[in-house]
Every structure is written in structure tokens, then in C-alpha cells.
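This report refers to the structure that appears directly beneath it.
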Amino acid sequence: MKKVAALFGALLFVSSVDAGSTSSKETVIQEEETFAIPAKPEIVEKGQIGEILSRIEKAGFKIKALKMVRLTKEQAAEFYREHKNKPFFDSLCTYMSKGRVVVAILSGPDAIKRYRTLEGATDPKKAAKGTLRGDFGTDREANAVHGSDSPESAKREIRFFFSEFETLANAGQKHSAPQKNFAR
């Protein structure tokens, strides 16, 4: 039998007890945050934001912060700077600045890995049905969603789009006034 109980909203303890056994194992699972773009321009244009957010919540993620923004080409270039020397960089920046996108902070146990699994393969033609890219993406560029690939990327991407005030990182403490952010 498995029991899952939240402790201080940040740690989960999972206890396993075998029937007829007196031994039990406890594993501590750290809740983590990840950054996501759950709606790239084509998703916003098609009115599919709600469908994707619903799937994210049904997959067990908490949406900690959410907003819609319009990137300039320069902001898109800064956000995707690790791809600067790749052949698709310019078209990616043009695409990401052609319309509004939805950005989010998601949390849950092993959030980065689990969200990347929910996203599916980068190329929607290779993504499994039931994944966000498999069901909503059209090609490698218009692939519906984005997610951080590491804790370091998640921190950088969250800071790019969200102020400390917006992240509610210090819940219960006094916040400074909201700052102009997502491209400072």
C-alpha cells in the first residue's frame, strides 16, 4: 500500500509497506519547479491554451505562475541564446516573436523530467500521440510547447520572464513592488 502525504508543501514522503510485512521504506521526493511555454504562437492563434493547461494540471503539475507575453525578436534571441550558432536560430526567433505566447512556472515532484516527457519529442512527427507535441505540434519550429531541460535552465528561464514578486518565492513575506520584467 502506498501513502503520499505533503509536508510543508515542498517535500513528499512516500511510504511503502508490503502486506504481511513489518518492514517499510521511506523515500523523500523533492518538489521542483520548471519553466514552460505551454502555448507558442500557433497554440494561442488556434485557441488551444486551455486544452494544454488542462492536460498539464491532469498530469499532476501545479501552475505556480502564468502570463501571456509578446516577445520582440531581440528578446527571443536573448532567451534562445544557447542556440545562436545553430542554423534554425534566426527562424526560431522570428517565429517566437510573431505572436503572443503563454509562459508558466510549473511545480511537482521531478517536474523537469516529467514535463519534458509530457511534451514529447521536439519534432511533432516523431512525438508519440498523447504528448503535447504529438497532439498539438505541426513541425519542429511550430512544436506547440517548450520546457526547461535542466534545473539551471529552469532558473534562468524563470528569471527571464518572471519577477520575484510574480513567482511568489517569498510567500507570506512582504514583497517589493512588482518590477518591469520579462525583458527587463
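The values are calculated or read from the model by the stated rules, or taken from the named source; none is laboratory data. Predicted, not measured: the structure shown is a model, and the values here were computed from it. Counting neighbours? That spans all protein chains shown, and the Cβs are built from the backbone with ideal geometry, glycine included.
Which residue pairs have Cβ atoms closer than 8 Å, lie 6 or more positions apart in sequence or on different chains, and pair a first residue in the range 49-73 that is outside any loop (DSSP other than H, G, I, E, B) with a second residue that is among the hydroxyl-bearing types (S, T, Y) and at pLDDT 95 or above?
Listed pairs, sorted by first residue: I56/Y115; K62/S107; K64/S107; R70/S97; K73/T94; K73/S97.
Could you please give the count of residues in the range 121-139 that are more than 14 Å from I43 (Cα to Cα) and either within 18 Å of the chain's Cα centre (by Cα) or of a type in the set (D, E) (or both)? Write out each step before concluding.
Taking the range 121-139 first, the residues more than 14 Å from I43 (Cα to Cα) are 121-123, 125-131.
Then keep just the ones that are either within 18 Å of the chain's Cα centre (by Cα) or of a type in the set (D, E) (or both); that gives 121-123, 127, 130-131.
Summing the residues that are more than 14 Å from I43 (Cα to Cα) and either within 18 Å of the chain's Cα centre (by Cα) or of a type in the set (D, E) (or both) in the range 121-139 gives 6.
Can you tell me which of (1) surrounded by fewer than 18 Cβ atoms within 10 Å (Cβ to Cβ); (2) under 19 Å from H83 (Cβ atoms); (3) modelled with pLDDT of 95 or more is the one A128 doesn't meet?
Every condition holds for A128 apart from (2).
Residue by residue through the range 50-73, note down the ones that are within 14 Å of the chain's Cα centre (by Cα) and among the polar types (S, T, N, Q).
S54
Checking V69 against (1) touching a Phe, Trp or Tyr at 6+ places or on another chain (Cβ under 6 Å); (2) at pLDDT below 95: exactly one of these is not met. Which one?
Of the numbered conditions (1) touching a Phe, Trp or Tyr at 6+ places or on another chain (Cβ under 6 Å); (2) at pLDDT below 95, the odd one out for V69 is (2).
Run down T94, T122, T117 and say which single residue is hydroxyl-bearing (S, T, Y), assigned to a loop (DSSP other than H, G, I, E, B) and without any contact (Cβ under 8 Å) to a residue 60 or more places away in the chain.
None of the others qualify; the one that does is T122.
Mind counting the residues in the range 1-58 that are under 19 Å from P124 (Cβ atoms) and modelled with pLDDT under 95?
0
Could you tell me whether any residue of the range 102-111 is modelled with pLDDT of 95 or more and in a helix (DSSP H, G or I)? Break it down stepwise before answering.
Taking the range 102-111 first, the residues modelled with pLDDT of 95 or more are 102-111.
Checking the rest, the ones that are also in a helix (DSSP H, G or I) come to 111.
There is at least one residue in the range 102-111 that is modelled with pLDDT of 95 or more and in a helix (DSSP H, G or I).
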